[in-house]
Structure formats: structure tokens, C-alpha cells
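Here's the structure, in C-alpha cells; my notes come after.
The values are calculated or read from the model by the stated rules, or taken from the named source; none is laboratory data. In this text the structure is predicted, and so the values were computed from the model without any measurement. Methodologically, a virtual Cβ is constructed for each residue, glycine included, from the backbone with ideal geometry; neighbour enumeration extends over all protein chains shown. Side chains included, ligands, DNA and RNA excluded: accessible areas come from the protein's heavy atoms. Shrake-Rupley method; radii C 1.70, N 1.55, O 1.52, S 1.80 Å.
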Amino acid sequence: MNQLNYVGKSLRRKDGPDKITGRAVYSQDVKLPGTLVGRLLRSPHAHARILRIDTSKAMALPGVKAVITIDDTKGIKHGFVETPRYPPDQEVLARGRVRHVGEEIAAVAAIDQITAQRAIDLIEVEYEILPAVFDPLEAMKPGAPEVQPTHPKVRAEVPYSNIGGRTATGWGDVEKGFAESDYVREDRFESHLRTHGYLEPQVTLAHWENDKLNVWTSSMGTFVKRAKLAKVLDLPYSAVRIHKTYVGGTFGGKIDLYSHEYCAARLSMLTGRPVRIVATREEIFSAYRHGQPLIMEIKTGVKKDGTIVAQQVRAINNAGAFRGSGVVVIFLAWGFTMIPYRIPNLAYEGLSVHTNNPVRAPQRGHGCPQIRFAIESQLDTIAEELGIDPVTIRLRNARKPREQLPNGDNVHEGGLIDCIKVAGEKADVVRRYGKGRKAGGTVRRGIGMGVSGYFGGSLIYPNGSGVIVKMADDGSATVLTGAIDVGQGSETVIAQIVAEELFLPIEDVKIVSSDTDTTPQDIGAWISGMTYVTGNAARQAAGNARDKMLQLAAQRFNCGVDDLYVADKVVYNRLDPAQSMSYRDIIALSIATRRGDTVIGEGFWRTMRDVPTHPSLATTKGRWSENYAFSCQTAEVEVDTETGEARVLKALTVHDCGFPVNPALVKNQVDGQVSMALGHAFLEEIMMKDGYTLNPTWLDYRMPTIHEMAESDDADVITEEYVVGKPYRTKEVGEGLVSGVLAAIANAIYDATGVRLHSTPFTPEKILKGLRQLERERRERA
């Protein structure tokens, strides 16, 4: 790794200059002549039957160019999940019934915003109000208002209402495991509703021209968007082009197809003019997709030394009115239970429950912060009951390198044990733990620890990535990649890999990205697999181009390829240093002798190349990933026992990401996830009542600012290496690190106060309530 020139170095971001100078073009910045303004009519009711829609007055308004309802669509459904068991379940506009506040009913295109809004106000809708249900436990009860019919296969398995999906799996004999345990504990935990907090709003510009739909939209993957949009419009993929624009934040909230994207496209097809729809912030808070709140019931049995013998987990998610990613998060919660610790006997059930709330989407970590908060909190409780420190109990159960997981995956060089050891030593956890509760005064400090594991890349459409490297006449390179940079630095990482493989100055590597007509297909930025999957495709493409040039030079020098070396875009013969050829000369030779071949390299990569498809969401059978990252995080908190206010003073993240291609980008990911965990723990909450969002503005939805940030330290556990010309295995660092630190904060609050919190957020009210309960118990004992 020390001999590498670009990989492993903290090089400047490729997109940095554009962003800091304001030259970066986002979807809202694209200007087309004659663009119309689109607006959506949304339901004011949580559950109602649509008896009549009258758009005549809106159509008659001067300046209105088109109005659409469900009758103007082809009735093709879409879904976050589209499998035989879970077919698409949502139409682009409401048909006959609305199931949540803000559900889209109609759309207009007009010459300006004022006219568009006036047209929306003129659309008449007659409703019949229906009973609604918002709490998942209430929705599960027999006789609850039916949001959606219980899935037919699930109906035969469980006697609940409104069940959109179920994951049931396990191994070993759980009851026997509990019987053999020395200590068994049951707890219930709950996580709350948050939103993604992306600063760039949802925005789409569509232009139908010459039988081609051109789209500029804020997304997490242009090829996924193209596939979903082409499907609902009943167009061939080749008739839809998603153009590159910069993206102002996503965090999981811009994966799925949204109605505004369809409506902009359909209105443009009807009018023949570009149509732009920009969501207001109030719409995003009230009607768009937020994260997944989970209820988690956990029963764990251990031996006296803390070794886990058996575990039973039940996770219930509030999926909202349609399936969304609800059936995925209950699958993932199982996976994030399985990864870090050995559990000889496991019984897992996940239920995705429909309610009359807006649909849910992935949010950074997608179930991992919730389940790790629950498991790590309970594990600390168990450790204290058994007189074991937090480090020892985790080391006793942590998975070892090359360990086989129960689903057939392997952790390869998993570094969890080293992560726990390093974190424990750097934060001095064993010595400091337990002293906060014994300290006097009203301000107390505590320390906590949390562990997490996360996957990097899985078989989700389009399942693989391709990269093309084109050599220019002067020896520089242009890289064509479908990878989308949503702020994580994908273009920078790909450029570093290509520069390393081609022995080129990184300034000579130019990136053309995320355009469905001009770049190869790519998995997108939403399964934590870009650096591994797309990066290996880029390595392969650059290597293909390099090998072509080296073979030509070897032929000219009459030597073997192994006898060559490269410096400053010149190939030399080790055996005769007087023999040399510049990249420019080699490319000219290729054109002259290889029928015009300008030296183009191709690379393709697919995770789990011999596995036909993704695992079952219902049974978890099948391979999931070939890449697992591990981390151990600690948090130091300070709690004012008079006010209940808690704050994080310092967070430490020790992570195994294989190796960092760009250490500065890795550090940025660590700090960003610590910030997001602080928001999860203390600040952020979507407050809803009867389906309505009560705090639909930035003023009312608090996110961490510089004043709430904690000191963030990190350390790498290097378990892999990068070798030019060989496939590499690097691991994700963009999602899993939001999880362990949330658990560590909860454990640190307990260490400081003795208050065990079973739900997020960790509010002063909850802490004060817990302190009062402890005081009552102390007095009763006295």
C-alpha cells in the first residue's frame, strides 16, 4: 500500500471546485426555453373514498396547458420492491381511494407558479371519509380499518390485519437454548420517525422531444430511475434518458419513483414542452417518504460468562399506506442482528404493517441503527447483571475472521475483534465505565460502547456495474461510469483507481458519469457497494486499457510484458532502458496496426458473480453479500441531572473498511454519521397526529448544527490491501457507522445516570422521568 501513488491518499475531490465556486449544476439549475411549472394536488384526508374529480375549471383557466388524473395514466403500478411475492402495489396517482394525507390525486402544468397553484385550487374533489389507523399495533388488530389487505401468504401464517409482509427465519433450537442459558432477559425497544434532511428538495425537469423523454431529477441512481419511469410510462428504456446533475443530499430518500417524477414526464408528453416540478419543504415533510420507525422485542439467553446461547427477535415496522421499503427493513433487521455476534440459536420474525401514514423509505443504515440500539442496550444490561465489563462481553461473542455466517456468507478478513480491542483501549472503557453514577454533583459523565456490522453490495437491480476507459491521443483518459456522486465522492474514488492502474497523473483522468445514454449501467448509490462493485469495474477497465498498451510495447521491444515498467506516461524496457515508448506513441501504433483501435478498456463487476439472485425477503434463504464491514464505537456523554439535558462530548469510531481508498473521504463519512446519530439521539423527530405532520418546516424539525456537534475521532483497522492489477475487497463506510454510536450514546447515558432508555429520542423528559423512578426505588429500599 505504501508504494501506491493515488489509492490510499487523501486527494482533493473531483467535484470540489464546482461546488465551492457555485458552478455545480443541480436539477433545479437546468434551464430550458418554454418550461412549464407543474404542481400536484394532494389529499387533505388520511383515508377517504374519492367519489368525484372535476378538473374542468382548472383546464379552463388561462395559462393552464394540461391537467392529469389517474384516468390519464396507463394504470401501471410501481413499488420499491417488485418481486413475485411482493409485486408493485402503488399507482402514480390515487385511484378511487386515498390512504394517507398528501397522497397525489392530480397534477397540472401551467405557465407560472401562481397559475399552477390557482389551477390546483380549482380542481374539485368529493370525498367520503373512511376510518383510519395510524399505530401499527392498532392496525394489526382484527377489525382494524383496512388500509391494505393482509398479504395472502402471510394471512395463512399469522392472524393479523394490514400485514404487508413478513420475514420469518432462524436456526438452531431457541427454546432449548433458553433452557440451557444461565440468564435470560426480555426487553422492548422503540425507535421514532425521522426524515432524511436532504437540503436539495425533490425536483424533476422532464422534456419530451423527438420521441425521447429527457429527465433531470435528484436521485440516487439514474439507471434505477430510468427503469421505473419507463415502466410506468410504458416506454422502452431507450426512449428515456436520465441526465447527470449534481445531487444535494439523499441519505436513502431519493431511491424510489415518486409521483412528481411521473407527472412531470407525463405532462411534458402531453404539452410537448419541458415541465419542472419542485416540491416545497412543507410537502417533503408532510407527504414524502421518511425513515422506518421500528418496535423491537428481544429475548436473549446467555451463559454466566456472557456467551450468547439463544436470541428471539420480533421487529414491527410502520410501513405507511403502501409497501415502500417496509418489507426490506424487516429483512435487514434480521441481517443486522446476525452479522456482529455468534448466535447459536435464533428465532426471528419481522412484520411490516400498513397504516394511514405516508409511505416509508430507506434512511441511512435502513434498520441497522434501530436494531443495534436495541441489541447493544440489552447486552450492556446483561453484562452488568453478570458483573462483566462492556468490552469483555463483546469480545466473547464477536465474530472472528473467515467465520461462516448462518446464511452461507463469509466475513472473510472481518476485523471486529480488533475494532473492539482498539476502541476499548483508546477510550479506556473498562477503567472508566461505572464511575459516572458514583460521582457527586448534578453534572455527570458516562461512557458507552456499541458494535455494528454492515453489508457492502448486494444483488439488487441492476445487479452490476460497467465502466469504460477511453485513452485519448495524448495519453490522458476519459472514464465513462454510471456511478452517481451524491456527495460521497464516487468520482474522486474512481479517478484514483483509474490513475493508479494506468500510472497516470490524476489530473489526466476525466470522469463522465451518471447519464443513462452515454455511460454504462451502474448499481447506483444505495446499497453501499460503489467502491467495491463500481470501483472493481473501473480497475478492470483501466487494467484492460493498460494491458493493451503494454502488449503493444512488448511486441515493439521484443520482450515480455513483465519486463516493462511505466513512469510519466512512458513505457520502458527494464532489460534495455534505452527502449521506451510514450503513451501517445503507443496509442498511435494501436490505431495504425490494430484496425483503428484507439485503446478502449472495458470493465464489469457483479457482487457474488455465481449467485443467481438476491435472498428471499420472506425466509432470508440465499446469499446476501460477499462484503461485510465491522465497527466498534464509543461515546462520552455529559448529563445535567437537574434538567435532563444530555450531550455527547466525544465519539470514537474504530472501523474495518478493508482499506481506505481516500482516507479523507472516509473521515468525512465517519463525521457525517456521528452527526446523524446525534440527530437521531437528541433532536430530530417527525411529529404526527392523525396522519398530519405537526412540524413541517426546518424551524420545527431540529437537526444538529455546529453547536451540537461532538468531537469525532476515528481509527482504521486495515484488513485488506490494494494491489495493482488484482481484484480488491474494500468494505462500506457510508451507512453502518451511524448505528454503533447511537447504541453507545444510550449506553453512555445509562453509565452516567443509571437510567436505561428503551426508546429514541433520548429527551430530557425521559431522562428526568427515569431519574425520578430511581429516586423512588432508592427511597423504597431505604
Given the conditions (1) within 23 Å of the chain's Cα centre (by Cα); (2) of a type in the set (Lys, Arg); (3) surrounded by fewer than 19 Cβ atoms within 10 Å (Cβ to Cβ), report the number of the one that Lys731 does not fulfil. (3)
Checking Ile706 against (1) over 25 Å from Gly8 (Cβ atoms); (2) among the β-branched types (Val, Ile, Thr); (3) touching a Pro at 6+ places or on another chain (Cβ under 6 Å), which single condition isn't satisfied? (3)
Hits in region 196-226 (condition: of a type in the set (D, E, K, R) and touching a Ser or Thr at 6+ places or on another chain (Cβ under 8 Å)): Glu200, Lys225, Arg226
Residue by residue through region 320-355, note down the ones that are of a type in the set (D, E, K, R), under 15 Å from Val174 (Cβ atoms) and not in a strand (DSSP E or B). Arg342
Residues satisfying the stated conditions in region 533-548, i.e. open to solvent by 10 Å² or more (accessible area, probe 1.4 Å) and closer than 14 Å to Glu491 by Cα: Arg539
For Thr634, all conditions in the list (1) part of a loop (DSSP other than H, G, I, E, B); (2) touching a Gly at 6+ places or on another chain (Cβ under 7 Å) hold save one; what is the number of the exception? (1)
Can you name the residue in region 668-687 that is more than 18 Å from the chain's Cα centre (by Cα) and assigned to a helix (DSSP H, G or I) and, of all such residues, is surrounded by the most Cβ atoms within 10 Å (Cβ to Cβ)? Ala681
Filter result for Leu504 (assigned to a loop (DSSP other than H, G, I, E, B), modelled with pLDDT of 95 or more and either open to solvent by less than 10 Å² (accessible area, probe 1.4 Å) or in contact with a Cys (Cβ under 6 Å, 6 or more places away or on another chain) (or both)): yes
Tell me, yes or no, whether region 648-671 has at least one residue that is modelled with pLDDT under 95 and among the small types (Gly, Ala, Ser). yes
What do you reckon, is Asp112 without any contact (Cβ under 8 Å) to a residue 24 or more places away in the chain and either at positive phi or surrounded by fewer than 17 Cβ atoms within 10 Å (Cβ to Cβ) (or both)? no
What residue, of Ala168, Ala107, is at pLDDT 95 or above, outside any loop (DSSP other than H, G, I, E, B) and more than 30 Å from Val309 (Cβ to Cβ)? Ala107
Taking Gly740 as the residue in question, decide whether it is open to solvent by less than 20 Å² (accessible area, probe 1.4 Å), within 30 Å of His354 (Cα to Cα) and touching a strand residue (DSSP E or B) at 6+ places or on another chain (Cβ under 9 Å). yes
Taking Val723 and the conditions (1) part of a loop (DSSP other than H, G, I, E, B); (2) in contact (Cβ under 8 Å) with a residue 12 or more places away in the chain, which numbered condition does it fall short on, given that it satisfies the others? (2)
Restricted to region 552-608, and to residues that are acidic (Asp, Glu) and either surrounded by 12 or more Cβ atoms within 10 Å (Cβ to Cβ) or touching a residue at least 24 places away in the same chain (Cβ under 8 Å) (or both), which residue is nearest to Val479 (Cα to Cα)? Glu602
What strands (runs of 3 or more DSSP E) completely inside region 558-625 contain at least 1 residues that are under 39 Å from the mean Cα position of the chain (by Cα) and of a type in the set (Phe, Trp, Tyr)? 600-606
Sole exception among (1) free of Cβ contacts under 8 Å to residues at least 40 places away in the same chain; (2) of a type outside the set (Phe, Trp, Tyr); (3) in contact with an Asp or Glu (Cβ under 9 Å, 6 or more places away or on another chain) for Glu384, by number: (3)
Looking at region 538-548, is at least one residue of a type in the set (Gly, Ala, Ser) and more than 29 Å from Arg241 (Cβ to Cβ)? yes
Out of the residues in region 437-466 meeting the condition of being within 25 Å of Val81 (Cβ to Cβ) and not in a strand (DSSP E or B), tell me which one is most open to solvent (accessible area, probe 1.4 Å). Tyr461
May I ask you to list the residues in region 688-719 that are part of a loop (DSSP other than H, G, I, E, B) and either open to solvent by 90 Å² or more (accessible area, probe 1.4 Å) or touching a Cys at 6+ places or on another chain (Cβ under 9 Å) (or both)? Leu694, Trp698, Leu699, Arg702, Ile706, His707, Val717, Ile718, Thr719
When you scan region 26-50, how many residues do you find that are more than 30 Å from Arg99 (Cβ to Cβ), assigned to a loop (DSSP other than H, G, I, E, B) and open to solvent by less than 70 Å² (accessible area, probe 1.4 Å)? 4
Report whether or not Val486 is closer than 22 Å to Ala664 by Cβ and modelled with pLDDT under 95. yes
Here is a check on your reading of the model: is Asp671 in contact with a Lys or Arg (Cβ under 9 Å, 6 or more places away or on another chain) and closer than 30 Å to Tyr6 by Cβ? no
In region 293-321, what residues are within 22 Å of Gly102 (Cβ to Cβ) and open to solvent by 10 Å² or more (accessible area, probe 1.4 Å)? Pro293, Asn318
